[in-house]
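Everything below concerns the one structure shown next.
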Amino acid sequence: MHEESPTELLLLTENAELRTRLEGAEETLRAIRNGEVDAFVIESAAGPRVYTLQGVDAASNRLRGEILAQVSDAVIAIDGQQRVTYANAAAERQYGIGASWALGQLLSKVYETQWLPGAKAAAETALHERGEWRGENIHVRLDGRKLHVESSVTVLRETVDQSAGVLAVIRDISGRKEVEDKVRVSEIRYRRIFEAAQDGVLLLDPDTCRITDANPFMTELLGYSHDQLVGKELFEIGLLKDEGASLKMLQKLKTEHQVRYENLPLKSQRGRHQEVEVVANLYDENGRAVIQCNIRDITERKRVEEHNKMLMAEVNHRSMNLLAVVQAVAQQTARVGDPITFVGRLFDRIDGLAASQDLLVKNEWLGVDVADLVEVQLAHFKDLIGTRVLLDGGLPARLTPAAAQGIGMALHELATNAGKYGALSNSEGRVQISWTVSAGNKPTFLMSWLEHGGPKVAPPTRKGFGQMVIGRMVEAAVDGTAEIDYRESGFSWKLSAPFAAALQ
Amino acid sequence: MDKHQQARILIVEDEPMIAFTLQDLLVEAGFKVTCVAAKLEKALALIESAGCDAAIVDANLAGVSASPAAAALAARGLPFIVLSGYSPEQLQGAFPAAVFMKKPSRPAKIIQALKSIVYKQ
């Protein structure tokens, strides 16, 4: 043995003294646990204090048992081998077990513990170092039901180093968690609506009239950042003209709870002028008042409204014009024939106008393909197309709306005449319809209607409506000339018009 | 104008069916139709050459406003009727000093209106 230094000697003495005191303390604890002590006195700065201990007699034990049984939290004690040594009435209810069955069972038979990430290691460390742990985890009952619990666990020490087990007070917080979860889901959901809304939303504090929150659409609309918006008053961002207007809105909100401005001119940070619609509501949020302003950019809506108004006016103008055309056709048709013939002819001509009109609308008034126009105006003879009515359009040609209307009417009259007196009035006559564009300095649209094999042709004795339509009317419509020939071998009609006047 | 004189009328109308029917109508009523103009330039030229005593003007000539023709007629003190599918409100005062008639109008009414502006009946 080597010689001890004075320091080591001092430590050894101190150690020996501590050991004696520890043994004394353990003896005291053992005596208390065994019920050998009724009370003890502790010297404190305030003088001696007497602590009385409840006896561990049968009566006292019963009292403790009663208390634990009444506690609403589950209380479970286990020994060093993880076997249940105590479970109160609340534990029986919480885990759906009977205490008599549970006693002596391994704790893992009563419920399975699922730890939250990192919690297990933290709990073990805390129990080892401080002898207690408090935290949340999940207990799965025997029937599979999951409980979200908050546990308070204390190590029960038989002696200083020997772990004798733990006592756990376990509170079922599933209900609270469920509510918290719902609140969180709700918050995410409504936050997302707020963030994604295609309307500007501003929240204001009614006491200060200042903005407390603004959604991204609002910052986009005004060109201010969120930080720039928060803390400002409405007139400062150009939404209301001055402080007076702001106060007026607030007054109205307090009495009516809602204020609506249909058309507010708004100038954004970038100087863009917009029309907005503002609806402000005064709401109660859990006892606290808040103003919510919804701001809708109605610039586009206004534009569409104007456009629709213009379109409606145009539709009206065109229908009035078409009615005037029908009126003129009726007047012209009425010049010859008896009433029954008149009605038949008029209806035929109205059918022709309707067919052309239909094509124009289908083509959004952007012009009509010649082939389509021929097809609808020769609807009566559609079975003959390809056999006795031959179409020869070298290339697709789109007529202007005015040309389509004029040529449409002319085709209608040509077809009617061919059916009544011309090549389509017998069983072998033919009609050749051709159109093309001549090249050259002045491109010209050429269209012809040539009849062969019909009855012998004679020129009409008087100038009727049909002559007018296939003559000067169509000429005026396409700014061109129509050549009409009543040759004995077959009628022919040739139209030529400046490209620009007839085609798109 | 003396009612025994034959008034010379200019028709400014881009829809040929309407224009020719109107022409027939006026001729039957004893007027002389000196020109049927589908385009503004043609109408203006006729007015400039003092080729008419009165006019019937369609407000819209294939998308072109006929208001210069109306202005030229007014400048020469010539009476005219505006005949249009648009309402006077839609034309927004582009045709002052005009007698306005909505399309479609009854032929008899058109003749009556024309006589009243030409002969101040």
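The values are calculated or read from the model by the stated rules, or taken from the named source; none is laboratory data. In this text the structure is predicted, and so the values were computed from the model without any measurement. Here the Cβ positions follow ideal geometry from the backbone for every residue, glycine too, while neighbour counts run over all protein chains shown. Ligands, DNA and RNA are excluded from the accessible area calculation, which covers all protein heavy atoms including side chains. Shrake-Rupley method; radii C 1.70, N 1.55, O 1.52, S 1.80 Å.
Per residue, the accessible area of segment B:27-121 comes to 46 Å², computed with a 1.4 Å probe over protein heavy atoms only.
Considering all different alpha carbon pairs of segment A:104-181, the Kirkwood hydrodynamic radius works out to 13.6 Å. Gyration tensor analysis over the Cα atoms of segment A:402-489 returns equivalent ellipsoid semi-axes of 24, 16, 11 Å (largest first, whole Å). For chain B, a Gaussian network of Cα nodes joined below 10 Å ranks B:F80, B:F100, B:F20 by mean-square fluctuation, and the top entry is B:F20. Taken about its Cα centre, segment A:401-503 carries a charge dipole of about 140 debye when Lys and Arg each add +1 at the Cβ and Asp and Glu each add -1 at the Cβ. With K and R counted +1 and D and E -1, the other residues having a Cβ less than 12 Å from that of A:F445 yield a net charge of +2.
Please report, to two decimal places, log10 I(q)/I(0) for segment A:329-371 at q = 0.15, 0.24, 0.28 Å⁻¹ as given by the Debye formula with identical point scatterers on the Cα atoms and no solvent. Log-scaled intensity ratios, in q order: -0.48, -0.75, -0.87. The mean count of C-beta atoms from other chains within 10 Å of the C-beta of residues in B:9-20, rounded to a whole number, is 6. Solvent-accessible area of B:Y119, all protein chains in place: 40 Å² (probe radius 1.4 Å, heavy atoms, ligands and nucleic acids excluded).
Heavy atoms only, probe 1.4 angstrom, no DNA, RNA or ligands counted: give me A:M320, B:M1 ranked by accessible area, highest first.
Result of the area sort, largest leading: B:M1, A:M320.
Not counting the cut sites, what is the longest span of chain A without GluC sites (Glu not before Pro) that DSSP labels loop and that have at most 16 other Cβ atoms within 10 Å?
With GluC sites (Glu not before Pro) excluded where exposed in loops, chain A gives A:159-363 as its longest stretch.
Counting only residues at least eight positions apart within a chain, or on another chain, the lysines with an alpha carbon under 19 Å from that of A:K382 are A:K420. Surface calculation, 1.4 Å probe, protein heavy atoms: A:R145 sits at approximately 120 Å² accessible.
Note on exposure: A:R301, B:R106 ranked by accessible area (1.4 Å probe, complete protein assembly) read B:R106, A:R301, with the most exposed listed first.
Each Lys and Arg adds +1 at its Cβ and each Asp and Glu adds -1 at its Cβ; summed about the Cα centre, segment A:356-424 shows a dipole of about 160 debye.
The HN-Hα couplings worked out from phi for segment B:19-27 by the Karplus form 6.51 cos²θ - 1.76 cosθ + 1.60 (θ = phi - 60°) are 4, 6, 5, 4, 4, 4, 4, 5, 5 Hz, whole numbers, x standing for Gly and Pro. Apolar share of the accessible surface for chain B: 54 percent from carbon plus sulfur atoms, 1.4 Å probe. Under the convention that each Lys and Arg Cβ holds +1 and each Asp and Glu Cβ holds -1, the size of the dipole of the protein assembly as shown around its Cα centre is about 4000 debye.
Here's the picture: charge each Lys and Arg Cβ at +1 and each Asp and Glu Cβ at -1 in chain A, and of A:T255, A:V149, A:L322 the one pushed furthest to the positive end of that dipole is A:L322. Cross-link partners for A:K241 among the aspartates and glutamates, with Cα-Cα distance under 20 Å and sequence neighbours closer than 8 places in the same chain left out: A:D205, A:D207, A:E233, A:E262, A:E275, A:E277, A:D297.
Among the protein heavy atoms, those of A:D351 account for about 100 Å² of accessible surface (1.4 Å probe, every chain in place). Taking a Cβ cut-off of under 11 Å around A:A90, the surrounding Lys, Arg, Asp and Glu residues balance to a net charge of -1, with basic ones at +1 and acidic ones at -1.
When only Cα pairs below 8 angstrom with a gap of at least 6 residues are kept, chain A shows a relative contact order of 6 percent.
With chain B treated as a Gaussian network of Cα nodes joined by springs under 10 Å, which of B:A98, B:A70, B:A29 yields the largest mean-square fluctuation? Comparing B:A98, B:A70, B:A29 in a Gaussian network model of chain B, the most mobile one is B:A29. The listed residues B:D2, A:D213 rank as B:D2, A:D213 when sorted by accessible area, largest first, using a 1.4 Å probe.
Buried between B and A is an accessible area of approximately 1900 Å², summed over both sides with a 1.4 Å probe.
With springs connecting C-alpha atoms under 10 Å apart, model chain B as a Gaussian network and identify which of B:E41, B:E13, B:E28 has the largest mean-square fluctuation. Of the options given, B:E28 has the highest mean-square fluctuation. Computed from phi, the 3J(HN,Hα) profile of segment B:111-117 under the Karplus parametrisation 6.51, -1.76, 1.60 (θ = phi - 60°) reads 4, 4, 5, 5, 4, 5, 7 Hz, with x in place of Gly and Pro. Under a cut-off of 26 Å between alpha-carbon atoms, report the lysines in cross-link reach of A:K248, not counting same-chain residues fewer than 8 places apart. Cα-Cα hits under 26 Å: A:K232, A:K267. Once the convex hull of all Cα atoms in chain A is built, its volume per residue stands at 490 Å³. For every other residue with a beta carbon closer than 13 angstrom to the beta carbon of A:S425, add +1 if it is Lys or Arg and -1 if Asp or Glu, then tell me the sum. So the surrounding residues net to +2.
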